[in-house]
Amino acid sequence: MTSDMKSVKPTVVTKPAGFAILQVVLIPVIAALNYVTGVVINLLKLPLFMDTWATMFGTVVAGLWVGIAGGFLYNIVMAFTFWGLPAWVWGFINVYIALITWVFWRIGWISIKKPAQLILAGIIVGVTNVIPVTLINVFIFGALPTYAGTSWIYAIILNQTGSTISATIGSSIAAEIPDKLLSLILAAVVASRMPARYSLRAPSSK
């Protein structure tokens with residue numbers, strides 16, 4: 001009976017003692033980490049963003065609402081200091097990133113011990129994120145380029161197709177897939193270094 005009980009995996013997320021304090025503290029940390037990498041990438045004008053990896057990290061180690069709060073806070077700060085006020089709407093992208101990260105974490109795919117699932121999850125996150133990114137680009141920013149790092153991709157596709165919608169979708173695909181793949185891998189690596197007493201335990205954990 002005892003051995004059978006040990007083999008049964010928990011069906012709920014396990015929280016360490018004093019976890020609520022860590023959750024509150026992590027919210028500004030998530031925003032700060034996203035901000036640092038986001039600003040650096042913006043200044044370098046690379047065709048990446050790297051401003052959601054901390055949202056993923058926070059979601060994995062502290063829970064869905066922490067990832068959402070930290071990610072959205074980052075976008076508010078970025079809008080006031082770097083991008084301009086209309087850019088606050090990109091906060092909804094971080095909400096989506098937190099949600100889909102939570103789903104993949106719950107099924108045990110976000111782990112450096114499962115590289116195939118981790119890579120596939122990163123690709124899926126990138127591909128699916130093209131949808132909300134395109135919707136925001138089209139309906140809020142008129143399908144115009146919003147980021148210098150991908151504006152050259154946008155220009156190439158626009159020159160070939162003559163369609164701003166195609167250019168928006170194409171430049172999003174070119175950037176989102178590698179960006180979210182790298183971001184999720186980085187988040188998984190950093191999360192794996194967190195002591196067990198400071199992070200959530202997934203339902204599939206032993």
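Read-outs throughout are calculated quantities, based only on the coordinates presented, and are distinct from any laboratory measurement. Source: prediction; values computed, not measured. As a convention, Cβ positions derive from the backbone with ideal geometry for all residues, glycine included, and neighbour counts pool all protein chains shown.
Most fluctuating residue of G58, G91, G142 in a GNM of the chain with Cα springs under 10 Å: which is it?
Looking only at G58, G91, G142, the biggest GNM fluctuation is shown by G142.
Using the count of nearby Cβ atoms within 10 Å as a rough guide to exposure, how do F19, F82, F72, F57 rank from fewest to most?
F82, F19, F72, F57
P(r) for the chain: what percent of alpha-carbon pairs falls in each 5 Å bin, starting at zero?
Final binned percentages: 1, 8, 15, 19, 19, 14, 10, 6, 4, 2, 1, 1, 0, 0.
Using θ = phi - 60° and the Karplus curve 6.51 cos²θ - 1.76 cosθ + 1.60, what whole-Hz ³J(HN,Hα) does each residue of the stretch 147-155 get, with Gly and Pro shown as x?
Per residue, the Karplus-derived 3J(HN,Hα) values read 9, 4, x, 10, 5, 6, 5, 4, 5 Hz.
Using a Gaussian network model on the chain with a 10 Å cutoff between Cα atoms, which of S192, S163, S171 fluctuates the most?
Result for the chain, Cα springs under 10 Å: S163 fluctuates most.
Which number gives the lysine pairs in the chain that have C-alpha atoms under 30 Å apart and are eight or more places apart or on different chains?
Going through the chain pair by pair, I get 18.
Using Cα springs under 10 Å in a Gaussian network model of the chain, which residue among G67, G170, G122 shows the largest mean-square fluctuation?
Largest GNM mean-square fluctuation: G170.
Nearest 10 degrees, 0 to 90: what angle lies between the long axis of helix 115-141 and the longest principal axis of the chain (Cα atoms)?
With both axes taken from Cα atoms, the answer is about 40 degrees.
What is the distance in Å between the Cα centroid of the stretch 30-103 and that of the stretch 140-200?
What the calculation gives is 12 Å, centre to centre.
When the helices in the chain are scored as -39500 (n - 2.57) per DSSP H run of 4 or longer and the sum is shared across all residues, what 222 nm value do you end up with, to the nearest 500 deg cm²/dmol?
Computed ellipticity for the chain at 222 nm equals -23500 deg cm²/dmol.
Karplus couplings for the stretch 173-179 from phi (6.51 cos²θ - 1.76 cosθ + 1.60, θ = phi - 60°), rounded to Hz, Gly and Pro as x?
Computed from phi, the couplings for the stretch 173-179 are 4, 4, 9, 5, 5, x, 5 Hz.
I need to check one value: relative contact order of the stretch 15-198, counting alpha carbon pairs closer than 8 Å and at least 6 residues apart, in percent.
Result for the stretch 15-198 is 26 percent.
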